[in-house]
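Here is the structure we will look at, set down as structure tokens.
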Amino acid sequence: MADFFNSVFSYFGLKVPFKFIYSNEYWMVDIGRHVFPVKKYRMLYEKVIALGARHRNFIEPQEAKENDLLLVHTSKYIKKVSTGTLSSIELQALELPFSPEVDRFFRLMTGGTIKTVEEALKTGLAVHLGGGFHHAFPDHGEGFCLFNDVAVAIEKMKHENKINRAMVVDCDLHQGNGTAFIFSKKDYVFTFSIHQMDIYPSEKPPSDLDIGLWSGDNDEAYLSALSPHFPRVYQEFKPDLVVYIAGADPYRRDMLSGLDISAEALKKRDRIIIESARKLKIPIAIVLGGGYAPEIEETVQIHLNTIRTAIKTYSRKL
């Protein structure tokens, strides 16, 4: 009971009984001048503190252990990463400058998502101020993703018999090709993805349910494509855990997006997904996913909107 009260903070008078997972190391990694804005992690942390959270409401993650990474990634690939012997082709696919510091960053991020799903299973909800690296495959990284934190976390929970079935609800701009591939032959994970079709990745291994949008699609198209599936997919698959990749990059001003989606529509997206899980009492672990607006504050605000929606939803009694 003491742990419960220590985890509670007040947000406009609401009592919020869940944890945030975050490390200051997230934004300290040096990747040079890059479209991937690691500074957003610190900025979002400061915004959450401003909402009323205290340091005791945060959990500092540890690096994912090698045995955990091996639940998804091949030993050959992990050895290449740890020894810094990725080939030039592999580095080109990763699209990030590689260093031991970058390796540490992704191991820590993966440990953060593991902790997030563990906490979600305890309290019903947890939020990782990071994560969502869904382009990593078992034997290689892609698209800013060295390790697939979501897949590792789910496989660890399954391996430890903490869940029987899990669902990935991927609302990043880009299809989660690595996640779809990893779980393609595993009937205990349902993968859902709503994404822009006419951008990276060019090859999209099928998810269990893919919803494809096209350049120029607006709020109405986005929400009308998304909303009919919730809560239906939850009710039909009956997962013990949902991992929600709440990408900020479908936003109309995002540098990588061709969609015409407003921040308000993304808030409605969050409500649909989070409230549906809450009403069915399904634990939900929220990770951030992408966000590359030219003004980093816009990306941070979209992520903060997701957190506010989660707080309001889980502060109400069922």
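Values for this structure:
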| quantity | calculated |
| --- | --- |
| In nm, spacing of pseudo-spin labels at Ser87 and Ala225 (7 Å Cα→C-beta vector) | 3.4 |
| Ser184 versus Met28: modelled label distance in nm, points set 7 Å from Cα along the beta carbon direction | 4.0 |
| Kirkwood-Stokes translational diffusion coefficient of the range 72-230, alpha-carbon pairs, 20 °C, 1.002 mPa s, µm²/s | 130 |
| Normalised contact order of the range 111-254, rounded percent, pairs of Cα under 8 Å and 6 or more residues apart | 23 |
| Extension reserve of the His55-Arg165 stretch, reckoned as 0.36 nm per residue once the Cα distance is removed | 36.4 nm |
| Expected 222 nm ellipticity per residue - DSSP helices of 4 or more, -39500 (n - 2.57), all of the chain, to 500 | -12500 deg cm²/dmol |
| Antiparallel bridge percentage (DSSP; both residues within the chain; nearest 5) | 15 |
| Relative contact order for the chain, counting Cα pairs under 8 Å that sit 6 or more residues apart, in percent | 18 |
| Spread of Cα-to-Cα distances over 5 Å intervals beginning at zero, given as percent, for the range 1-105 | 2, 10, 16, 16, 15, 14, 10, 8, 6, 2, 0 |
| Debye intensity ratio in log₁₀ form over the Cα atoms of the chain, taken at each q of 0.06 Å⁻¹ | -0.17 |
| Stokes-Einstein diffusion coefficient of the range 22-64, Kirkwood radius over Cα pairs, 25 °C, 0.890 mPa s, in µm²/s | 212 |
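Computed from the coordinates by the stated procedures, all read-outs in this text should not be read as laboratory data. All of these numbers come straight from a predicted model, not from anything done at the bench. As a convention, Cβ positions derive from the backbone with ideal geometry for all residues, glycine included, and neighbour counts pool all protein chains shown.
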